[in-house]
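What follows is a short report on a single structure.
The values are calculated or read from the model by the stated rules, or taken from the named source; none is laboratory data. This structure is a prediction, so every number in the text was calculated from the model and none was measured. Here the Cβ is made from the backbone with ideal geometry for all residues, glycine too, and neighbour counts use every protein chain on show. Heads up: the accessible areas ignore ligands, DNA and RNA and are worked out on the full protein's heavy atoms, side chains in. Shrake-Rupley method; radii C 1.70, N 1.55, O 1.52, S 1.80 Å.
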Amino acid sequence: MRRRPLPPVREEISNPKSWRTLCESEWAVYTLVASVGALTYANSLNGEFVHDDIPAIVSNSDVNGANNVLQVFRNDFWGTPMSDHNSHKSYRPLTTLSFRLNYKLCGFSPWWWHVCNVALHAACCALVARTGALVARLQRPFAALAALLFAVHPVHTEAVAGVVGRADVLACLFFLSSVLLYHGSSGRHRVWSSVALAALSMLAKETGLTALLFNVAFDLYRCWNPNRSAPAVKWRWRGDSSCVRVIRALAALVLLAGARLALLQGSLPAFSPQDNPPAFHHSFSVRLMTFCYLAAFNWWLLLCPWTLSHDWQMGSVPLITSWWDPRNLLTCAAFIALLALSYRCLMDLELQRHTPALVGLMLLVIPYLPASNLLVTVGFVVAERVLYIPSVGSVIITVYGVQLMWRRGSGGRLLMLGVAVLVAGGVARTHLRNRDWRTRETLLRADLSVLPHNAKLHYNFANFLKDIEQQENAINHYKEALKLWPSYASAHNNLGTLVLASGRAEHHFLQALKYNRDHVNAHYNLAKLYRKKNRIPESLKMLERCISLEPRFVQAYLELLLLKPEDEKRSVLDKLLELEPKNWEHYVLYGNWYKDRGLLPISLDYYTTAMRLSFSTSPGSARGEVLSLRAACLALRTVGQYSRMLQLLIRWHAVRGDGQPASRRLLAERAWRLRSELAERAALYARPRIQPEQITSTCLHHSQLEVSADYTNKLKQDPHSSTYQTSHSGPTVNSGDKIVDKNNCQKNVQGKKSVSLSSQYKLTHNKSEIGHKKSCPLHKKKKMKDPEFTPYVSDHLIKTY
């Protein structure tokens with residue numbers, strides 16, 4: 001069966017030179033629209049990681065390399081295992097792999113991440129121009145105009161200026177590629193290639209699977225041929241090839257949809273009334289009216305993108321509870337326009353003169369269906385990023401209307417002026433919106449001015465104020481969020497972390513647990529509060545509940561380690577090593593536990609492992625290296641292995657270097673060796689010399705070993721003085737006018753060394769010779785108590801983001 005051939009968009013040109021010129025003009029159009037798209041978002045390159053970029057990129061172990069590559073295909077978009085009941089169930093490994101590649105190439109430098117997003121958007125603009133010409137059958141200048149409107153559309157700022165929006169841009173890139181390969185090429189394997197591109201689009205974002213649905217629907221439209229002689233409308237296929245093609249596409253659609261459902265692993269994503277209030281309303285009519293209005297509102301955002309926000313949750317769109325609500329008029333107007341377009345396309349099935357209208361309508365509706373809340377419940381009411389692909393259909397419909405008006409020839413100059421104003425207005429609005437997305441503060445302030453009744457925005461802005469230590473303003477915004485949404489559990493929890501001094505913290509933590517019994521951070525914060533109040537049983541109960549809700553909550557185990565008796569700490573330490581086997585801090589904790597029990601060799605092994613991990617897993621982090629080295633040196637000093645301790649210090653200094661040249665490191669190493677030798681000699685000198693006949697021991701004060709300036713001048717004036725003897729093995733030492741031959745060491749008959757001192761000295765005897773105690777200031781040791789290593793459990797309470 002053959003499909004109905006699409007009407008040509010250009011005359012056939014037999015002259016090769018003219019053909020080459022036409023091809024070059026096509027590439028010029030693609031370059032133009034791609035350049036406009038890139039330049040429109042050029043001022044977003046200096047933006048930071050904001051909003052969802054932090055959990056999805058910065059703190060995501062699948063992105064920063066903490067997990068292996070295979071783990072990307074087992075986790076959701078936020079780094080949580082798909083089998084976890086807390087998983088968001090958003091499976092986008094292709095987008096995560098692009099983030100991981102970004103991190104490998106340029107680290108967490110936001111500029112390069114934004115460059116990648118802008119480049120992908122520019123590629124999508126070129127594909128929109130080609131789709132408008134080859135699939136929608138717009139005339140080439142109007143296809144370029146559709147691509148220009150797409151390039152400067154302000155609703156795309158969340159998808160392009162926000163790094164996490166790359167999922168929608170990547171999905172659109174493969175979506176349009178699949179459509180072009182299915183309908184704009186004549187290759188033998190174009191169907192399976194189109195299916196592969198649709199699968200890649202689905203792996204970038206779930207809505208990409210609708211590419212196959214669009215391909216099948218448009219293929220059926222092109223193959224439709226009603227038989228007017230029959231009493232009823234019947235299908236008539238012109239061959240078997242079209243039937244086989246559609247069956248293959250449908251089979252691939254079913255298989256991919258089944259694979260995606262299997263990834264849910266038997267559980268749907270858990271959403272709350274805060275995320276999607278209409279979905280949890282008990283009345284079906286309220287849900288239906290609200291969701292229909294939301295669909296119309298999204299279409300209005302595509303037509304008039306003036307009121308924009310990155311978050312539309314929690315009161316941003318009030319529920320429609322009455323049939324007399326004036327917002328139902330917008331819903332009716334949108335559905336009347338939709339029905340009129342559908343009717344016009346259906347009445348034109350035989351001639352197919354309005355293909356652009358049908359293509360635009362299907363691109364507007366089909367990719368939006370998964371996010372409409374009409375088929376499945378999603379975790380938002382309005383999200384501008386999901387309009388990235390439907391906006392292609394919106395601009396095609398708009399430009400097709402402009403094309404029809406241009407054909408009629410009425411008001412050509414006025415029409416051109418209106419189009420120029422539309423494009424310029426899109427550029428200006430997008431430029432201003434990109435400035436809002438530069439930092440976390442500018443984004444929140446801009447959206448709060450648009451939606452001051454949004455409790456979620458007040459909550460997020462309070463989190464930002466708390467991070468920059470504006471506690472009073474943060475408390476005010478938390479209270480405003482609770483005023484707008486009294487059952488906001490996370491706002492109660494975060495407010496409790498700020499009102500510890502007033503004594504209201506426990507009340508807010510309990511309120512958080514009242515509205516959300518499974519709030520992990522509220523349990524943890526309450527446990528810390530009870531521990532500080534010495535309410536140990538209640539603290540243990542809260543920690544156990546916290547661990548039961550989140551078995552991998554490391555902070556809860558660290559807090560539990562402070563409450564457990566010494567004999568029960570080993571199981572907690574084993575669990576910490578199981579959860580984070582590459583965390584040097586846990587090995588230091590385990591080494592401290594063994595050290596307290598007197599098992600120094602085992603503790604030294606754990607300290608050594610901690611040192612190795614601190615060098616390998618966190619290079620450049622001086623804290624881990626220094627603390628693990630200090631713990632190992634203290635263990636070696638405890639068992640008296642000073643040489644090993646010195647060797648460990650020298651090796652650490654040689655490896656660490658601190659960016660110093662090799663010569664300075666060598667001098668530092670020699671200084672360490674010299675200090676160690678001097679320390680050993682001083683220890684030998686301070687040791688009492690015991691003789692068999694009598695026990696005599698002397699200990700010199702450090703003031704007696706100083707050489708006075710007068711004596712030095714005297715030696716210079718009279719070098720042949722009898723006191724200046726060079727035949728001795730060492731110099732003499734002067735204390736005032738008293739001269740001591742320091743190195744006049746003699747061996748007694750028993751072979752013991754004795755130190756010969758001048759008779760002018762009054763000996764300071766050891767306490768073993770006399771009854772009373774007399775201390776020696778030179779060798780008096782100060783007992784320094786080693787501080788406990790407990791930097792792991794922060795004193796700050798944990799807030800919820």
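A few notes on this one:
- Those residues of the range 499-524 which are within 25 Å of the chain's Cα centre (by Cα), of a type outside the set (Ser, Thr, Tyr) and buried (at least 19 other Cβ atoms within 10 Å of the Cβ), in sequence order: His519, Val520, Asn521, Ala522, His523
- Only listed residue being open to solvent by 10 Å² or more (accessible area, probe 1.4 Å) and either under 23 Å from Pro370 (Cα atoms) or touching a Pro at 6+ places or on another chain (Cβ under 8 Å) (or both), chosen from Thr131, Thr210: Thr210
- Residue match in the range 330-344 (condition: of a type outside the set (D, E, K, R), surrounded by fewer than 14 Cβ atoms within 10 Å (Cβ to Cβ) and farther than 22 Å from Thr398 by Cβ): no
- Some residue of the range 350-358 being closer than 30 Å to Ala270 by Cα and among the hydroxyl-bearing types (Ser, Thr, Tyr): no
- Residue count for the range 347-401, restricted to those that are in a loop (DSSP other than H, G, I, E, B), of a type in the set (D, E, K, R) and touching a helix residue (DSSP H, G or I) at 6+ places or on another chain (Cβ under 6 Å): 0
- Among the residues examined, Ala527 does not qualify as open to solvent by 20 Å² or more (accessible area, probe 1.4 Å) and either assigned to a helix (DSSP H, G or I) or of a type in the set (A, V, I, L, M, F, W, C) (or both).
- Hits in the range 291-316 - residues which are open to solvent by 30 Å² or more (accessible area, probe 1.4 Å), of a type in the set (A, V, I, L, M, F, W, C) and not in a helix (DSSP H, G or I): Cys304, Trp306
- Of all the numbered requirements in (1) open to solvent by 30 Å² or more (accessible area, probe 1.4 Å); (2) within 30 Å of Ala147 (Cα to Cα); (3) touching a helix residue (DSSP H, G or I) at 6+ places or on another chain (Cβ under 7 Å), Val33 misses one, and that requirement is (1).
Yes/no per residue for (1) in a loop (DSSP other than H, G, I, E, B); (2) under 30 Å from Val163 (Cβ atoms):
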residue	(1), (2)
Asn460	no, yes
Ile475	no, no
His507	no, no
Asn534	yes, no
Lys541	no, no
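- Filtering the range 440-458 to residues that are in a loop (DSSP other than H, G, I, E, B) and surrounded by 18 or more Cβ atoms within 10 Å (Cβ to Cβ) leaves Leu451, Asn454.
- The residue pairs whose first member lies in the range 364-387 and is in contact (Cβ under 8 Å) with a residue 60 or more places away in the chain and aliphatic (A, V, I, L, M), whose second member is part of a helix (DSSP H, G or I) and open to solvent by 30 Å² or more (accessible area, probe 1.4 Å), and whose beta carbons are closer than 6 Å, counting only pairs six or more residues apart or on different chains, are Ile366/Leu213.
- Here Phe174 fulfils each of the conditions (1) in contact with a His (Cβ under 7 Å, 6 or more places away or on another chain); (2) among the hydrophobic types (A, V, I, L, M, F, W, C); (3) over 23 Å from Trp437 (Cβ atoms) apart from (1).
- Contacts under 8 angstrom Cβ, first residue in the range 411-427 being more than 14 Å from Thr40 (Cβ to Cβ), partner not aliphatic (A, V, I, L, M), 6 or more apart: Gly412/Trp406; Leu415/Trp406
- Taken as a whole, the condition of being without any contact (Cβ under 8 Å) to a residue 40 or more places away in the chain and assigned to a helix (DSSP H, G or I) does not apply to Leu94.
- Residues in the range 407-428 that are open to solvent by 40 Å² or more (accessible area, probe 1.4 Å) and in contact with a helix residue (DSSP H, G or I) (Cβ under 8 Å, 6 or more places away or on another chain) were compared, and the one that is farthest from Ala146 (Cα to Cα) is Gly411.
- Test: residue in the range 69-89 that is buried (at least 17 other Cβ atoms within 10 Å of the Cβ), in contact with a Leu (Cβ under 7 Å, 6 or more places away or on another chain) and of a type in the set (Gly, Ala, Ser): no
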